């Protein structure tokens, strides 16, 4: 009886620590993005699609839609908009494989018919099992190098979260 109670309490503590860690990670990302001149418009945890779990062996993902605080220089009313996706994997090999093939289209018969963002993304690894994917649907950010610069700056400024 006592062991069941202790096991139950340990399970509750484990779930609680996972939630607290994820929340701390979100706050650190948001603070880092704010320091870089961006704000989070819409954070979301999305359910994995079947091909993400099966083919990429992804464990979970969170997507943060972000927008620059300042207008793009020379524009009347344009702001940079990007998506930062945190993908978690069970092991370093799967994360590394994902990063290596970050611009590949999803598998399957309709892969060429899906949105063009697969060519408009870059990423980096944080720790052994997390891949940060930064994407946009505006080719100008790729062509002018601003997305590449953003990825490099985020990689440098984002602290390692354990």
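The values are calculated or read from the model by the stated rules, or taken from the named source; none is laboratory data. Note that the structure is a prediction, hence the values are computed from the model and not measured. Reconstructed Cβ throughout: ideal geometry from the backbone, glycine too, with neighbour counts over all protein chains shown.
Structure values in brief
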read-out: Options 94, 23; residue that is modelled with pLDDT of 85 or more and over 29 Å from residue 140 (Cβ atoms); value: 94
read-out: Region 103-162: number of residues that are out of contact with any helix residue (DSSP H, G or I) (no Cβ under 8 Å at 6 or more places or on another chain), more than 23 Å from residue 59 (Cα to Cα), in a loop (DSSP other than H, G, I, E, B) and modelled with pLDDT of 80 or more; value: 3
read-out: Tally, over region 26-84, of residues that are over 19 Å from residue 158 (Cβ atoms), modelled with pLDDT of 85 or more and in a helix (DSSP H, G or I); value: 4
read-out: Filter pass, residue 87 being at pLDDT 85 or above, within 25 Å of residue 138 (Cβ to Cβ) and in a helix (DSSP H, G or I); value: no
